[in-house]
1. Among the residues of segment B:201-217, how many are in a helix (DSSP H, G or I), closer than 10 Å to residue B:142 by Cα and hydrophobic (A, V, I, L, M, F, W, C)?
2. Take the residues in segment B:96-110 that are in a helix (DSSP H, G or I) and at the interface with chain A (Cβ under 8 Å from one of its Cβ atoms), then tell me which one is farthest from residue B:190 (Cα to Cα).
3. Quick test of your reading of the structure: residue A:9 fulfils all but one of (1) free of Cβ contacts under 8 Å to residues at least 60 places away in the same chain; (2) within 24 Å of residue B:154 (Cα to Cα). Name the failing condition by number.
4. Please work out which one of (1) free of Cβ contacts under 8 Å to residues at least 60 places away in the same chain; (2) within 12 Å of another protein chain (Cβ to nearest Cβ); (3) surrounded by fewer than 18 Cβ atoms within 10 Å (Cβ to Cβ); (4) of a type outside the set (D, E, K, R) is the condition residue B:64 fails and give its number.
5. Considering only residues that are in contact (Cβ under 8 Å) with a residue 24 or more places away in the chain, under 26 Å from residue B:64 (Cα atoms) and aliphatic (A, V, I, L, M), look in segment A:59-76 and name the one that is nearest to the other protein chains (Cβ to nearest Cβ).
6. Exactly one of these conditions fails for residue A:18: (1) touching a residue at least 12 places away in the same chain (Cβ under 8 Å); (2) in a loop (DSSP other than H, G, I, E, B); (3) within 12 Å of another protein chain (Cβ to nearest Cβ). Give me its number.
7. If a residue must be within 14 Å of another protein chain (Cβ to nearest Cβ) and crowded, with 17+ Cβ neighbours inside 10 Å, how many such residues does segment B:156-174 contain?
8. Which one is farthest from the other protein chains (Cβ to nearest Cβ), of the residues in segment A:21-56 that are part of a helix (DSSP H, G or I) and loosely packed, with under 10 Cβ neighbours inside 10 Å?
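The values are calculated or read from the model by the stated rules, or taken from the named source; none is laboratory data. Just so it is clear, the structure is predicted and the values come from calculations on it, not from any experiment. Heads up, the Cβs are rebuilt from the backbone with ideal geometry, glycines too, and the neighbour counts pull from every protein chain shown.
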Amino acid sequence: MKVRVSVSLKPGVLDPQGRAIQHSLEGLGFKGVHDVRAGKLIELDVDDSVTDAAIEDMCKQLLANMVIENFRIERVAA
Amino acid sequence: MSSFRSAVITFPGSNCDRDMAMALEQVCGGETFRVWHGDADLPDRLDFIALPGGFSYGDYLRCGAMAARSPIMRAVIAAANRGVPVLGVCNGFQVLTESGLLPGALLRNAGLRFVCREVMLTVENSQSLFTSAYSQGQQVRIPVAHHDGNYFADDATLDRLEGEGRVAFRYAEEVNGSARAIAGVLNDAGNVLGMMPHPERMIEAAHGGTDGRALFESATRALVGA
């Protein structure tokens, strides 16, 4: 089974990469982009027996840094 | 008095480990052990552990994230909790925050550029075992070389660090957007220091300055009463 973990910076944590992307979009002439936040998408292929709690532990222990990041877990049918 | 025993941890991608070992050998004397990240144990009776700069594990996932979970770090964390002094420089600082030995995190530099130059620092706490050979408020010139040195912690944590004298060094100029210009922080017990600037690159005249020596002299003074 596939699991998608989205890791994003917490609100309030400065995201210089997001800001640079926003400036580049403006430079390309796109209008109306108020803010850009860059994150990560981590895809895991796991055994069906792997529990939600275990995936949450993976996020807390390694995949996300809880000081600066939030995560969201999504199970995807293979 | 037994001689000074120090260890430098090498992770895959560390590149300041030799400089760190040289600084320890030249300034602290005694014996410096080189320890590989995959080892489970540290040498006995260490007086000092250093986590060097570099790009451990290619900075995969987050700077220092993989290194912080490598086998040797369990031993380093246990040693730190027993009171053994631990210094993390640059990537070593990132490993210390990722391992939970120090609060906060190091984000991408606010200017997005890799910063590689000498910067002026202010010694904010000259009472720690890493800084006692400096004077309070002393201005020192130490090089930085990093892409992710922008120190971040929430306001409550920053207030606590300031209130408890745990900001060891502060940038005296704008470098990377760090919260409150913090360049180096101590743990609660004062035996763990993380800093982005590289004191090991400023220990002899040929380096262009010697402002980093006092950090290693402080450690020696504290431990072997030299």
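1. Adding up the residues that qualify gives 0.
2. The qualifying residue farthest from residue B:190 (Cα to Cα) is B:98.
3. Evaluating residue A:9 over (1) free of Cβ contacts under 8 Å to residues at least 60 places away in the same chain; (2) within 24 Å of residue B:154 (Cα to Cα) leaves (1) as the failure.
4. The number of the failed condition is (3).
5. A:68
6. (2)
7. Within segment B:156-174, residues that are within 14 Å of another protein chain (Cβ to nearest Cβ) and crowded, with 17+ Cβ neighbours inside 10 Å number 2.
8. A:53
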